[in-house]
Structure formats: C-alpha cells, structure tokens
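Q: Supplied in structure tokens, the structure appears directly below.
The values are calculated or read from the model by the stated rules, or taken from the named source; none is laboratory data. Given the structure is predicted, the values throughout are model-derived calculations rather than measurements. FYI the Cβ positions are ideal-geometry reconstructions off the backbone, even for glycines, and counts take in every protein chain you see. Surface areas here come from the heavy atoms of the whole protein model, side chains and all, with no ligands, DNA or RNA. Shrake-Rupley method; radii C 1.70, N 1.55, O 1.52, S 1.80 Å.
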Amino acid sequence: MRRRPADFRRPVRRRFTHWIWALFGVFTIVGLVLFVVHHNQSEDRIEQPLLERNSRIEQVAHDRLNFTEEISSATSFSRQLSEQITLAKAYLVIAKEHSNLHLAWELSSKIRSSQLLLSKAVMRGEPITLEEAEPIIKSLSALIFKAQDTHYDISTTIMTMKSHIQALEERANAATVQSTVFGQLAAEALPKSLHCLNVKLIADWMRYPSFQEQADERRNSQRVVDNNLYHFCIFSDNVLATSVVVNSTVLNADHPKQLVFHIVTNEINYGAMQSWFLSNDFKGSTIEVQKIEDFSWLNASYAPVLKQMLDPNTRAYYFGGLQDLAVEPKLRNPKYLLLLNHLRFYIPEIYPQLEKVVFLDDDVVVQKDLTPLFSLDLHGNVNGAVETCLEAFHRYYKYLNFSNSIISSKFDPQACGWAFGMNVFDLVAWRKANVTGRYHYWQEQNADGLLWKPGTLPPGLLTFYGLTEPLDRRWHVLGLGYDLNIDNRLIESAAVIHFNGNMKPWMKLGITRYKPLWKHYINQSHPYFEDCITS
C-alpha cells in the first residue's frame with residue numbers, strides 16, 4: 001500500500017482540530033444561553049417583588065433617609081436585614097451551645113456583614129439597594145434554614161433562649177446594682193478641690209495657736225446658751241457645704257448678729273472646720289464647732305444605733321460582705337452608718353440649756369430670713385416640718401414595713417410623711433415627751449433591720465409620730481439633687497431649698513440649672529478659694 005505524502009496528512013489533521021474547537025464553542029455558547037434563560041426564569045418569581053421595591057426606593061433615593069421610618073417599613077431591605085440579624089443571633093447562641101462552631105462562625109460573619117451594610121446606609125443617608133441586599137439576604141437565609149434543618153427544634157430553642165434570657169436578666173440586675181453603688185460613691189466622695197481646701201485649713205489649725213484660743217473663747221461664750229438668740233445646728237463633715245448653709249442664712253437674716261450656729265463634725269474635719277469659720281467673717285454671728293468624739297455619753301451602751309453600727313454583719317452588709325440583689329441598691333449606701341446623720345435625735349443632749357433650735361442639713365441653701373420660725377406656734381408639738389405627701393408615695397407605708405404587727409398596730413399607713421433638712425425643734429416639749437427614749441425604743445425593735453428601710457427618716461417618722469406640726473410648704477422646697485423640673489416660681493418663693501439626692505451642687509454631677517443657687521453663697525474672698533476651688 002502506497003503511503004500518503006507528508007504534506008497531505010498535515011492539512012487533514014489541522015482541519016479536524018478546527019472542527020473540534022468549533023463544535024465545542026457552539027455547545028458552550030448554547031449552554032450559556034440556556035443557563036442564563038433558565039436562571040432568569042427561576043429567579044423572576046423571587047426577584048420580582050425585590051425589583052418592585054427597588055424601583056420604589058430609587059424614586060426616593062434622592063431624599064434624605066429617615067432611618068427610623070426605613071427600619072419600620074414592611075417593604076424595606078433594612079427591615080428585612082434587621083429581622084434576619086435578630087433571628088441569626090438567636091441561632092448563633094444555640095449553635096455555640098451545641099458546639100457547632102463552623103455554623104456559629106458563618107452566622108457571625110453574615111451578621112457582621114448585615115450590620116455593616118445597615119451602618120453604611122445610615123451614614124450615607126440613602127436606602128439599601130437591591131444589589132447590596134440580595135447577596136446578604138440570600139446567604140443569611142440559607143444559613144438560617146441550615147440551622148433550622150439541623151437539630152435545633154422549637155422546644156430546644158425555647159429552653160435555650162429562656163436560660164439565656166435569665167442569665168442576661170441576672171447580669172443586668174448586677175450591672176444596675178454596681179452602677180447605682182458607683183453613682184452613690186461618686187456623690188459621697190470628696191472632690192479633689194475640697195480635699196485641697198481641707199488640707200490647707202488643717203495646716204492653718206496646726207500652725208496658728210491663736211485659732212485654738214479663739215475656739216475655746218467661743219465655746220465658753222454665754223451666747224451659745226442664750227435662749228434670747230436664734231440657734232441653728234448643723235451636723236456635717238463637709239466644710240464648704242456647711243459654709244454655704246451658714247453664709248446663706250446670715251446674708252438673708254434681718255439681724256445676723258442675733259444668730260448662733262452650732263456645728264458638729266468629726267475629728268478628721270474638726271481642724272479644717274474651725275480654721276474656716278475662725279478666718280471668715282459672718283456679719284457678727286456666733287459660730288461654735290464641736291467634734292462628735294468629745295461626746296463621751298454617746299456610746300454603744302446608751303445609743304442602740306451605735307451598737308448596731310459596730311455589729312460585723314451590719315458593716316458587712318454596707319461594705320460588700322453580703323450581696324443580696326433583692327435589696328434596693330441605694331439602701332446599701334455606707335452613708336447610713338455615719339453617726340453624724342443620727343445626731344439629730346440627740347439634740348437636747350448636745351445642747352441641754354437650749355429651748356428651741358432650727359436644724360439644717362448641710363445640702364440646703366437659705367434664701368429668706370429664718371428667724372420667724374422661732375415664733376411659730378407648734379401647738380405643743382416637738383417637730384415643725386414641711387409635709388411631703390402631696391404625692392401619694394410619700395406616706396408612711398412607703399417607708400415602713402406594715403406587714404409587721406408592731407408597725408401596723410401603732411401607725412396609720414396613710415399618715416403623711418414629712419422632710420428632714422429644715423426642722424424647728426421645741427426642745428422643752430422634746431424632753432417632756434422623752435422623744436430620744438422613743439427613738440431608742442424603735443431602734444431596739446429594729447435590731448434585725450426588718451421594720452424599715454435604712455436611713456434617718458423612717459425612724460424619725462416613728463419617733464415624731466403625733467408630735468409633728470406641718471409647716472407651710474414654702475419654708476422648705478426639696479428635690480434639687482434629683483428633680484430636673486422643679487417650678488422656678490416655687491424655688492424663688494422658698495425660704496430653704498434642699499439639694500437632697502445624689503446630685504449635690506459641689507459635685508460635677510450636680511444639676512447645672514440649680515448650681516448657681518448654691519455657688520452664689522460661697523465665700524470667694526477666702527485666700528484658699530482660688531488655690532483649691534477655682535483651679
């Protein structure tokens with residue numbers, strides 16, 4: 001057989017290869033066309049609603065996006081993404097519980113992508129488009145179906161979510177307790193400026209012997225026991241706050257030389273308090289400063305509250321040894337252990353020769369002459385105070401445990417509460433009624449702490465029950481340490497305004513609107529004011 005020439009074989013192979021590639025190209029093109037047609041037909045039903053929504057969104061794309069309306073709209077991609085994120089987060093928790101870490105990772109990734117897309121929409125002020133939303137919605141839907149098709153049945157999901165809700169509630173409660181306690185600690189803490197002032201004043205007290213001589217003269221002055229004068233008592237460890245109380249009382253008095261102020265502090269602040277009031281002029285008024293440590297009669301064998309304060313369990317309760325989340329956080333404030341707060345029940349013992357005094361808290365500001373209080377007829381009562389039951393929750397049942405028969409058998413739960421902070425005390429009537437003895441009785445009854453919430457007002461309500469004369473509301477307006485919306489007319493008409501609450505005016509967290517009312521009475525002429533307070 002004769003062989004074909006080489007030049008004939010090469011063209012045949014070349015033509016065959018061309019035919020093969022041509023056929024392959026034709027089939028590829030046909031396949032792509034069929035795939036596109038099939039894909040478009042299968043997607044038409046899914047994408048048609050999306051396209052309609054997209055067309056509606058594009059019509060308003062030029063307007064600034066109102067994201068609140070966008071997320072609330074049933075037809076928006078933002079709403080759909082938000083709902084998918086919520087569901088995906090639930091399955092993410094369950095996936096982690098079942099150690100399906102791969103699914104958890106996929107869900108986390110898609111959740112972050114969805115959140116990022118929502119953030120971009122808010123930042124640019126335009127709705128999410130179909131092109132942006134479609135791939136994320138589809139992939140996230142697929143993952144959610146995958147989670148549903150695994151072993152996460154409804155009952156498992158419900159039980160798992162319940163346990164997580166309970167855990168979150170416990171964490172939220174614990175966080176609430178901590179934030180409240182921290183807020184109270186911030187309110188009670190001494191600011192650096194006041195600490196600076198105290199240090200400089202104590203140094204003066206130690207440096208100048210003349211101060212101690214002047215202090216002895218004032219303590220032995222006949223004016224401090226003269227019942228023809230007007231006597232005010234303040235129990236405080238805050239020098240600047242006490243100064244504002246004294247200064248505001250003096251500046252608004254018709255006859256300041258007839259005023260006598262009795263201040264009791266603790267040993268730590270005694271030198272600073274003495275230095276301040278000895279180096280400032282208060283228009284001829286007399287100011288006596290004592291320290292509580294000198295009251296030898298005030299001991300655990302005489303005062304039940306002092307015995308309770310020394311109890312280890314009581315101290316652990318306030319300083320973190322016991323953590324009962326059922327107890328209202330603010331009631332765990334260590335300030336309730338300060339004996340200075342309870343001195344108000346021992347005023348006749350502290351000033352045995354006085355007949356009538358006006359008690360002032362250190363967080364008040366006096367705006368009018370208070371001497372008319374001394375001529376008020378208390379009708380035989382011991383305590384003159386402004387009632388606070390204009391609102392129903394300031395009645396006795398709010399402060400006392402009426403489920404206890406000791407309380408319910410002796411007191412009316414609807415009796416009207418009143419305020420400590422500006423009180424007129426008739427000490428003659430006090431001694432006659434043995435009010436301090438009544439206070440001791442109720443403190444002994446409450447040794448287990450079950451009769452009332454901590455503080456001085458609840459035992460005061462019991463002690464002065466039937467012995468309190470209501471005063472005109474304008475004598476004492478409360479709430480400037482927590483209420484942002486007190487009527488200006490009420491404040492202007494008040495003789496005394498009270499910054500009760502955590503937002504004290506000497507703190508950064510004080511309510512800005514009321515701070516000038518307090519700052520107006522700071523003695524800015526003192527040489528240490530600029531060094532410590534202003535700087």
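Q: State whether one or more residues within the range 443-451 are of a type in the set (Gly, Ala, Ser) and within 22 Å of Leu360 (Cα to Cα). Can you show your working first?
A: Residues of the range 443-451 of a type in the set (Gly, Ala, Ser): 447, 449.
Restricting the remaining residues to those that are within 22 Å of Leu360 (Cα to Cα) gives none.
Checked the range 443-451: no residue is of a type in the set (Gly, Ala, Ser) and within 22 Å of Leu360 (Cα to Cα).
Q: Quick one: in the range 263-313, which of the residues that are among the polar types (S, T, N, Q) and without any contact (Cβ under 8 Å) to a residue 60 or more places away in the chain is nearest to Leu240 (Cα to Cα)? Walk me through it before giving the result.
A: The first filter runs over the range 263-313 and keeps only residues among the polar types (S, T, N, Q), leaving 265-266, 269, 274-275, 279-280, 285-286, 290, 296, 299, 301, 308, 313.
Those still in the list that are without any contact (Cβ under 8 Å) to a residue 60 or more places away in the chain too: 285, 296, 299, 301, 313.
Working: Ser285: 18, Ser296: 27, Asn299: 29, Ser301: 34, Asn313: 34 Å.
Top of the filtered list is Ser285.
Q: If you don't mind, there's one more thing I want to ask. Please count how many residues of the range 404-440 are open to solvent by 40 Å² or more (accessible area, probe 1.4 Å) and in contact (Cβ under 8 Å) with a residue 60 or more places away in the chain.
A: The qualifying residues number 2.
Q: Against the conditions (1) over 17 Å from Trp276 (Cα atoms); (2) out of contact with any strand residue (DSSP E or B) (no Cβ under 9 Å at 6 or more places or on another chain); (3) surrounded by 15 or more Cβ atoms within 10 Å (Cβ to Cβ), where does Asn220 fall short? Just the number, please.
A: With respect to (1) over 17 Å from Trp276 (Cα atoms); (2) out of contact with any strand residue (DSSP E or B) (no Cβ under 9 Å at 6 or more places or on another chain); (3) surrounded by 15 or more Cβ atoms within 10 Å (Cβ to Cβ), Asn220 is out only on (3).
Q: Considering only the range 492-509, I want to know if a residue exists there that is touching a Gly at 6+ places or on another chain (Cβ under 9 Å) and charged (D, E, K, R).
A: The answer is yes, given that some residue of the range 492-509 is touching a Gly at 6+ places or on another chain (Cβ under 9 Å) and charged (D, E, K, R).
Q: For Ala186, state whether it is part of a helix (DSSP H, G or I) and modelled with pLDDT under 75. Break it down stepwise before answering.
A: Values: part of a helix (DSSP H, G or I): yes; modelled with pLDDT under 75: yes.
Spelling it out, Ala186 is indeed part of a helix (DSSP H, G or I) and modelled with pLDDT under 75.
Q: While we're here: Look through the range 487-528, keep the residues that are in a helix (DSSP H, G or I) and among the basic types (Lys, Arg), and return whichever of them is farthest from Val246 (Cα to Cα). Spell out the reasoning first.
A: The first filter runs over the range 487-528 and keeps only residues in a helix (DSSP H, G or I), leaving 488-493, 515-519, 527-528.
If we keep only those that are among the basic types (Lys, Arg) too, we end up with 489, 515, 519.
On the way: Arg489: 24, Lys515: 17, Lys519: 13 Å.
The selected residue is Arg489.
Q: When you go through (1) in contact with a strand residue (DSSP E or B) (Cβ under 7 Å, 6 or more places away or on another chain); (2) buried (at least 20 other Cβ atoms within 10 Å of the Cβ); (3) within 20 Å of Val264 (Cβ to Cβ) one by one for Phe345, which number turns out not to apply?
A: The number of the failed condition is (1).
Q: Filter the range 493-514 for residues that are farther than 19 Å from Asp361 by Cβ and either in contact (Cβ under 8 Å) with a residue 24 or more places away in the chain or buried (at least 19 other Cβ atoms within 10 Å of the Cβ) (or both) and give the result. Don't jump to the end; show me each part of the working.
A: Taking the range 493-514 and keeping what is farther than 19 Å from Asp361 by Cβ, we get 493, 508, 512-513.
Correct list: Lys508, Arg513.
Q: In the range 504-535, which residue that is under 19 Å from Asp237 (Cβ atoms) and among the hydrophobic types (A, V, I, L, M, F, W, C) is nearest to the chain's Cα centre (by Cα)?
A: Applying the filter and picking the extreme gives Met507.
Q: Only one of (1) open to solvent by less than 50 Å² (accessible area, probe 1.4 Å); (2) of a type outside the set (A, V, I, L, M); (3) outside any helix (DSSP H, G or I) fails for Asp237. Which number is that?
A: (1)
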